[in-house]
Amino acid sequence: MTPHTVVGASEWSPRVAAPSIPIVRDQWYVAAYGSEVTRAFLARTICNEPIVLYRTGNGAPVALADRCVHRRYPLSESRLDGDKVVCGYHGFTYDTDGSCVSVPGQTRIPRTARVTSYPVVEQDSFIWVFIGDPKLAGERPIPRAPWLNPEPESGFVTVAGMEPIRSRYSLLVDNLLDLSHETYLHGGYIGTPEVAQTPIEASADEEANIVRVSRRMADAECPPFYADSTGISGRITRWQDIEYHAPCLYLLHSRVAPVGSLPHEDGTDPDAFHTEITYAITPETDHSVLDFWMVSRDFAREDATVTEFMEKNNHTVVMQDVDALNILEGVIADEPEGFQELSINIDAGGLAARRMLQRLATV
Amino acid sequence: MTPHTVVGASEWSPRVAAPSIPIVRDQWYVAAYGSEVTRAFLARTICNEPIVLYRTGNGAPVALADRCVHRRYPLSESRLDGDKVVCGYHGFTYDTDGSCVSVPGQTRIPRTARVTSYPVVEQDSFIWVFIGDPKLAGERPIPRAPWLNPEPESGFVTVAGMEPIRSRYSLLVDNLLDLSHETYLHGGYIGTPEVAQTPIEASADEEANIVRVSRRMADAECPPFYADSTGISGRITRWQDIEYHAPCLYLLHSRVAPVGSLPHEDGTDPDAFHTEITYAITPETDHSVLDFWMVSRDFAREDATVTEFMEKNNHTVVMQDVDALNILEGVIADEPEGFQELSINIDAGGLAARRMLQRLATV
Amino acid sequence: MTPHTVVGASEWSPRVAAPSIPIVRDQWYVAAYGSEVTRAFLARTICNEPIVLYRTGNGAPVALADRCVHRRYPLSESRLDGDKVVCGYHGFTYDTDGSCVSVPGQTRIPRTARVTSYPVVEQDSFIWVFIGDPKLAGERPIPRAPWLNPEPESGFVTVAGMEPIRSRYSLLVDNLLDLSHETYLHGGYIGTPEVAQTPIEASADEEANIVRVSRRMADAECPPFYADSTGISGRITRWQDIEYHAPCLYLLHSRVAPVGSLPHEDGTDPDAFHTEITYAITPETDHSVLDFWMVSRDFAREDATVTEFMEKNNHTVVMQDVDALNILEGVIADEPEGFQELSINIDAGGLAARRMLQRLATV
């Protein structure tokens, strides 16, 4: 069991200036789904760094700084020559490790002609890139989400999407760590009165950099998202167990079962429906974030109707969040410095996450 | 008779840096027409303050700060529960006085959970809100415009509209205090050569905070706006008497009559056509203003054709001003600091208004 | 022969912070083509100065500051009364020399009522205006481009256009001084491999303020732009001789001939096709530039098909540059201060031009 601290209401002042949460560097971030990275260039800005992603002929993912060393032209506006990138402005040519191998009008290639090559790992359906000092890439863990792997291996079927949001990433962290908003923002989809009413338990593992928030509803209304996908017709026991691996990966272990049905003593849980909800939270700039979302289920795995329903329904839920966070970013942009906010018990997880991010950003 | 100072050409330097006129606080402002405020939320920004307006079931207007104390979500994105506002993000619930009466996940409501409730008065077709220290609301006068009340009572029929302008409010004050622009910007509508040619008389009542500008044309061309609405076919005597109640309400008492026709000694004026032109000038932000405009007439009151003509014609005139002020704001945004302007006699009223606003802003 | 310095690779550090090149004042700039200036107002911003251009009834071009002295309303939103400009807001009226000759409401005209009148010269199809201290206008040369005059006189037929670019003007100077980009950005139009491969010679005449860059390809592929217009079917001798008259006029003397064909000893050159490519580079604001482009040829002068082809083809090439420079301006706007760039031999001309502009801006 990892060390952790229970966080609660006594730890915060009721009304304080909302802090500005910096982007955390020296960390792995999800730059793309593996399926997005092909032999055509994909330009993504990650933590304010412009990056071009592509695959070599052998399928290996490559991530280079998206700026030619010559006159900063975006390499994503260039073309591939085999596995090499030929800048579309003056033809500076780069190998997959970022070294320049050809320049126009001369044979000598300047020693300093090199673009940054980012450490890349393809795992659990994601292309992870390391933002920061590459010497630290090996010692920083990449959190896992094995249910995102193909079904025969993982036992889960996944629907997924990505939405860019014009808000600072910390607003998305706030949003996901406090699910009481499901009742109000997502009523009729995934929210019911019990989510907002039921108190939470929150804890922070400052060694593993994980915030956990748990809300266990013993007798709750079943929201349409689960009623329609599981076929349960009555009230349910509903567990929401969040594991936020700061800064990038958010896991929500969701368990839904007929009221009173609990896991067996041997660990099996045959009467419950398990859904793994995964978010990769990737800061794009100081004021925008990439919201990668996935819903993986261990039930009705071969039912295409359920797959389609969950994809459509969850996309609607994500867009409700996108709209709300776009609005909130506008609110914050227009408000005076030091504007105050008021926190209550439901915010324990979000506040713990903010503190963790602050600490990680200043290490 | 209130004290006043005659203002004239001797009071200003011919070419000086254009001043920046601050927004005046501790004042009543028109937030909306009464007809705009219903059981659905209306979001308005007044003097940089985001406000949500609605009516209770009894019809009483309510004006609250449009930011939840929890995470600043706009309350205008919420829903009504009876007369209470339920925040659309996490369900913080507010009574009409701004006090929080319910929060999610706990029964204790933090003492400091309260949003600002603005003093509101509904009068002369307007919803007035007080911006500033609410303790001063009672002692600050609300200027009147009784002709805006329904016709049987007021003797006037009114057409009205509202246009947001992307310019600082002082440009609208400048515009309205110097009507010589009617000749050039509104030629063919309300301007004729005599408006620009005829000198004005201007005075400032620094106690009542009123600037008066008067232009009396004894023998003038009749512009289409009045020719078509009154039926006068020849030349006219035309009086324009402005009363600007700084900062918010601008009244233009317009009198049009056949040439030589004057009011009788007993005060009656049966041969003239009287039009009350009202503007509520409400700063939205430092760089935008809400332009509420109304035209009230005491003639042809039952003639729907005249009503329609005046509404359409004046809307065109207002849009000419909107276009000009949008252009001017762009000009000022791009120009260097301390850019100079040159004032002449026609500017006496506008300069007096600027001085009054400067004074009111620093009280 | 004017004094000059050969510039080359030894003069720069390989990787340095990209400098910010200021706008050069006290210089003549192309404000418009003569054909653009008519009896209707043309508003142009040149070197951050808003200017209104028009012609008198006699056809003389006039350039006035585009801001009324009264309340800064753009005079380009006004109307002409004979040759005089009547402001569209309050009727301030200006003569062609910028002096105010009439104001509303009074007969006395303030002594200081005058807008700036710019020195104007119409020459070689351009309307040149002098930006800066007008006392220096007479001593600063206006570079010539006689081939832009009508065909019977000049012996050249010209196609032309103008594109505003949302980039600082120095990016267009960089672009035009280093034609190796033709191979990559304009491949299939005017670029072939030899342009990027062939070394250049560059020199700077610091007295006449001219940068020269020469690239002479003895045996090169003929790009479609010249193959289709000249009818040459095989390989060519291709000369590119640039003369950049800093800051405003860029001339590219292009000579294309069958391989091995050189000018005769007597100076005649009957086997070659000569194209004069002219760019007027006019800074609009600190972050935008007007790109006037012209292509003049001494061959197939009566062939309308060639005229149409060259106009369309070169417009496509210009738009490729516009797109690239708009992208680059965005790149620079988002990058941290002191971002570095790496220069090689092909940049000798561009770097010499930057140094010359820096010097001219600080004279």
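The values are calculated or read from the model by the stated rules, or taken from the named source; none is laboratory data. On a predicted model such as this, the values are computed, not experimentally measured, just so you know. When we count neighbours, we look across all protein chains shown, and the Cβ atoms used for this are built from the backbone with ideal geometry, even at glycine.
Out of segment B:78-92, which residues are surrounded by 21 or more Cβ atoms within 10 Å (Cβ to Cβ) and within 9 Å of chain A (Cβ to nearest Cβ)?
Passing the criteria: B:S78, B:C87, B:G88, B:Y89, B:H90, B:G91, B:F92.
In a strand (DSSP E or B) and either within 14 Å of chain A (Cβ to nearest Cβ) or without any contact (Cβ under 8 Å) to a residue 40 or more places away in the chain (or both), is that true of C:A257?
yes
Report, ordered by the first and then the second residue, all pairs with beta carbons closer than 8 Å, sequence separation of six or more or different chains, a first member in segment B:336-363 that is under 15 Å from B:D174 (Cα atoms), and a second member that is polar (S, T, N, Q) and in a helix (DSSP H, G or I).
Short answer, once both residue conditions are applied: B:R354/B:S170; B:L357/B:S170.
Out of all the residues in segment A:186-238, which are aromatic (F, W, Y) and surrounded by fewer than 19 Cβ atoms within 10 Å (Cβ to Cβ)?
Taking segment A:186-238 and keeping what is aromatic (F, W, Y), we get A:189, A:225-226.
If the condition is that a residue be aromatic (F, W, Y) and surrounded by fewer than 19 Cβ atoms within 10 Å (Cβ to Cβ), then A:Y189 is the only one that fits.
Go through (1) among the hydroxyl-bearing types (S, T, Y); (2) more than 20 Å from A:A353 (Cβ to Cβ); (3) at pLDDT 95 or above for A:S233 and report which single condition fails.
(3)
Write out, first by first residue and then by second, each pair whose Cβ atoms fall under 8 Å of each other, whose residues are 6+ apart or on separate chains, and whose first residue, in segment C:292-317, is among the hydroxyl-bearing types (S, T, Y) while the second is assigned to a loop (DSSP other than H, G, I, E, B).
These pairs meet every condition: C:S296/C:F156; C:T316/C:Y189.
Residues of segment A:36-51 being without any contact (Cβ under 8 Å) to a residue 60 or more places away in the chain and either closer than 27 Å to C:D178 by Cβ or not in a strand (DSSP E or B) (or both), which ones? Talk me through it step by step, then tell me what you get.
Step one: filter segment A:36-51 for residues without any contact (Cβ under 8 Å) to a residue 60 or more places away in the chain, giving A:38-43, A:50.
Once the filter is applied, which keeps residues that are without any contact (Cβ under 8 Å) to a residue 60 or more places away in the chain and either closer than 27 Å to C:D178 by Cβ or not in a strand (DSSP E or B) (or both), segment A:36-51 yields A:T38, A:R39, A:A40, A:F41, A:A43, A:P50.
Would you call B:L172 closer than 30 Å to B:D26 by Cα, within 13 Å of chain C (Cβ to nearest Cβ) and either not acidic (D, E) or not in a strand (DSSP E or B) (or both)?
Here the answer is yes, as B:L172 does meet what is asked.
Among the residues of segment A:33-86, which ones are touching a Phe, Trp or Tyr at 6+ places or on another chain (Cβ under 9 Å) and on the phi > 0 side of the Ramachandran plot?
A:C47, A:R72
May I ask you to list pairs of residues, at least six apart or on different chains, whose Cβ atoms are under 6 Å apart, with the first in segment A:65-77 being facing another protein chain (nearest Cβ under 7 Å) and farther than 14 Å from A:Y118 by Cα and the second being among the hydroxyl-bearing types (S, T, Y) and surrounded by fewer than 23 Cβ atoms within 10 Å (Cβ to Cβ)?
Short answer, once both residue conditions are applied: none.
Per-residue answers, yes or no, for (1) of a type in the set (V, I, T); (2) at pLDDT below 95; (3) in contact with a Lys or Arg (Cβ under 6 Å, 6 or more places away or on another chain); (4) within 24 Å of A:T45 (Cα to Cα):
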position	(1), (2), (3), (4)
A:V115	yes, no, no, yes
A:E122	no, no, no, yes
A:D133	no, no, no, yes
A:T158	yes, no, no, no
A:R166	no, no, no, yes
A:S170	no, no, no, yes
A:L185	no, no, no, no
A:S203	no, no, yes, no
A:E206	no, no, no, no
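It is to be established whether one or more residues within segment B:152-169 are without any contact (Cβ under 8 Å) to a residue 24 or more places away in the chain, in a helix (DSSP H, G or I) and surrounded by fewer than 22 Cβ atoms within 10 Å (Cβ to Cβ).
Checked against the condition, which is being without any contact (Cβ under 8 Å) to a residue 24 or more places away in the chain, in a helix (DSSP H, G or I) and surrounded by fewer than 22 Cβ atoms within 10 Å (Cβ to Cβ), segment B:152-169 yields at least one hit.
Only one of these conditions is not met by C:S229: (1) within 30 Å of C:A208 (Cβ to Cβ); (2) outside any strand (DSSP E or B); (3) of a type in the set (S, T, N, Q). Which number is it?
(1)
Examine segment A:304-326 for a residue that is among the hydroxyl-bearing types (S, T, Y) and surrounded by 18 or more Cβ atoms within 10 Å (Cβ to Cβ), and state whether such a residue exists.
Scanning segment A:304-326 turns up at least one residue that is among the hydroxyl-bearing types (S, T, Y) and surrounded by 18 or more Cβ atoms within 10 Å (Cβ to Cβ).
For segment B:99-118: of the residues being more than 9 Å from chain A (Cβ to nearest Cβ) and touching a residue at least 40 places away in the same chain (Cβ under 8 Å), which is farthest from the chain's Cα centre (by Cα)?
Taking the candidates together, the pick is B:R114.
Which of the residues belonging to segment C:178-213 are away from chain A (no Cβ under 12 Å) and not in a strand (DSSP E or B)?
Going through segment C:178-213, the residues away from chain A (no Cβ under 12 Å) turn out to be C:188-190, C:192, C:203-212.
C:G188, C:Y189, C:I190, C:T192, C:E206, C:E207, C:A208, C:N209 - these are the residues of segment C:178-213 that are away from chain A (no Cβ under 12 Å) and not in a strand (DSSP E or B).
Would it be correct to say that B:T96 is part of a loop (DSSP other than H, G, I, E, B) and more than 11 Å from every other protein chain (Cβ to nearest Cβ)?
yes
When segment C:70-86 is examined, which residues are found to be in a loop (DSSP other than H, G, I, E, B), out of contact with any strand residue (DSSP E or B) (no Cβ under 7 Å at 6 or more places or on another chain) and either modelled with pLDDT under 95 or not aromatic (F, W, Y) (or both)?
Within segment C:70-86, C:G82, C:D83 qualify.
Report whether or not C:Y54 is more than 14 Å from every other protein chain (Cβ to nearest Cβ), within 18 Å of C:D97 (Cα to Cα), part of a strand (DSSP E or B) and modelled with pLDDT of 95 or more.
yes
Among the residues of segment B:198-224, which ones are under 23 Å from C:R72 (Cα atoms), touching a helix residue (DSSP H, G or I) at 6+ places or on another chain (Cβ under 8 Å) and not aliphatic (A, V, I, L, M)?
B:P199
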